[in-house]
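A.B. asks: Below you will find the structure I want to go over with you.
Only the coordinates and a few stated rules stand behind these numbers; no lab work does. Everything numeric in this text was worked out from a predicted model, so none of it was measured. Every residue, glycine among them, receives a Cβ derived from its backbone with ideal geometry; neighbour counts consider all protein chains shown.
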Amino acid sequence: MSFCPPTIAVAGLVSIGVIFAVPVLAQGFSRRGKGVFYENNFLLQRAPQLVSLLNIAVITLSTLHLNGLTGFQSVPLVSLTREPQGAMLVVAWLGVAILLSGLIFMIGGWYSLGESFSTDAELLEGQKLRSGGLLQFVMHPAYSGIIQSLTGASIAALSPISLIIAVCAVAPLWLRRAKYEEKLLIDTFGQEYEEYARKLKWRRLVPRFIPIGV
């Protein structure tokens, strides 16, 4: 049994990412639901997480198909090809590069938030406004990283259906949650947070050094 090089790279990057993510995620989970204000809206709290998990499941299936390990050869949306070569191999490596960027932003974003990081959208007691680390480049680096990671992994798996889920479902849901959190932070920190946002040109998901984006 052999895997194509982009798949091996994806597996390696994800494994390294898990090692760095586990400590900060454990802390984030320990803070979950303990804030002074907690939002129970399903679309804000659970929908982004569940759709992201669905996306991961489709990416996994697509990756297995890409490497000839499933019987879904007749379903082109699962993955465009098997054993990618030529242009398809270049596209897959592009996906690996986007995944790497996404993991850096996602995990780096969690660490940048420090004690203000919770896995849910909430306002923690004594929460401080954070603007260091990757927060210097984009307002919501972790959400940006999640979207980048799933988009990159979808491209690396050459899977149109998982790419559609990432762009048309995952991204809008995390963007909606980002906007909600901004309202909480504006209500808490007022002008200080608005000045921070203006400094970043209100770039929620795309770093300000990129010419276009939201």
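A.B. asks: Region 124-199: which chymotrypsin sites (Phe, Trp or Tyr not before Pro) are DSSP loop and have at most 14 other beta-carbon atoms within 10 angstrom? Don't skip to the end; give the middle numbers.
C.D. replies: Values: sites: Phe137, Tyr143, Trp174, Tyr180, Phe189, Tyr193, Tyr196; in loops: Phe137.
When the chymotrypsin sites (Phe, Trp or Tyr not before Pro) of region 124-199 are filtered for loop state and at most 14 Cβ neighbours within 10 Å, nothing remains.
A.B. asks: Right, something else. With +1 on each Lys and Arg Cβ and -1 on each Asp and Glu Cβ, and nothing else charged, work out how big the dipole of the chain is about its Cα centre, in Debye to the nearest 20.
C.D. replies: For this selection, approximately 220 debye.
A.B. asks: Let me ask you something else. Which GluC sites (Glu not before Pro) in region 80-136 pass both tests, a DSSP loop state and at most 16 other beta-carbon atoms within 10 Å?
C.D. replies: Glu125
A.B. asks: Could you work out the helix-only [θ] at 222 nm for the chain, with each DSSP H run of four or more residues adding -39,500 (n - 2.57) and the total divided by the number of residues, to the nearest 500 deg cm²/dmol?
C.D. replies: It comes out at -20000 deg cm²/dmol, rounded to the nearest 500.
A.B. asks: What trypsin sites (Lys or Arg not before Pro) in region 171-213 are in a loop by DSSP, with at most 15 other Cβ atoms within 10 Å of the Cβ?
C.D. replies: Values: sites: Arg176, Arg177, Lys179, Lys183, Arg198, Lys199, Lys201, Arg203, Arg204, Arg208; in loops: Lys201, Arg203, Arg204, Arg208.
Those that pass, being in a loop and sparsely packed, are Lys201, Arg208.
A.B. asks: Go through (i) 20.7, 67; (ii) 24.8, 91; (iii) 18.1, 58 and flag the label whose value is the computed Rg and Dmax of the Cα atoms in Å for this structure.
C.D. replies: It is the one labelled (iii).
A.B. asks: Fewest to most neighbouring Cβ within 10 Å: what's the order for Val36, Val170?
C.D. replies: Ascending number of Cβ neighbours within 10 Å: Val36, Val170.
A.B. asks: Let me know the charge dipole size of region 170-209 about its Cα centre in debye, to the nearest 20, where only the beta-carbon of Lys, Arg (+1) and Asp, Glu (-1) is charged.
C.D. replies: Details: 10 positive and 6 negative charges, 65 e Å.
Roughly 320 debye, rounded to the nearest 20.
A.B. asks: Output ³J(HN,Hα) for region 98-109: one whole-Hz value per residue in order, computed from phi by the Karplus curve 6.51 cos²θ - 1.76 cosθ + 1.60 with θ = phi - 60°, and x for Gly and Pro.
C.D. replies: So the Karplus estimates, Gly and Pro as x, are 5, 4, 4, 4, x, 5, 4, 5, 5, 5, x, x Hz.
A.B. asks: Here is a follow-up. Please report, to one decimal in angstroms, the Kirkwood hydrodynamic radius of region 79-190 built from all distinct Cα-Cα pairs.
C.D. replies: Here the Kirkwood hydrodynamic radius works out to 15.2 Å.
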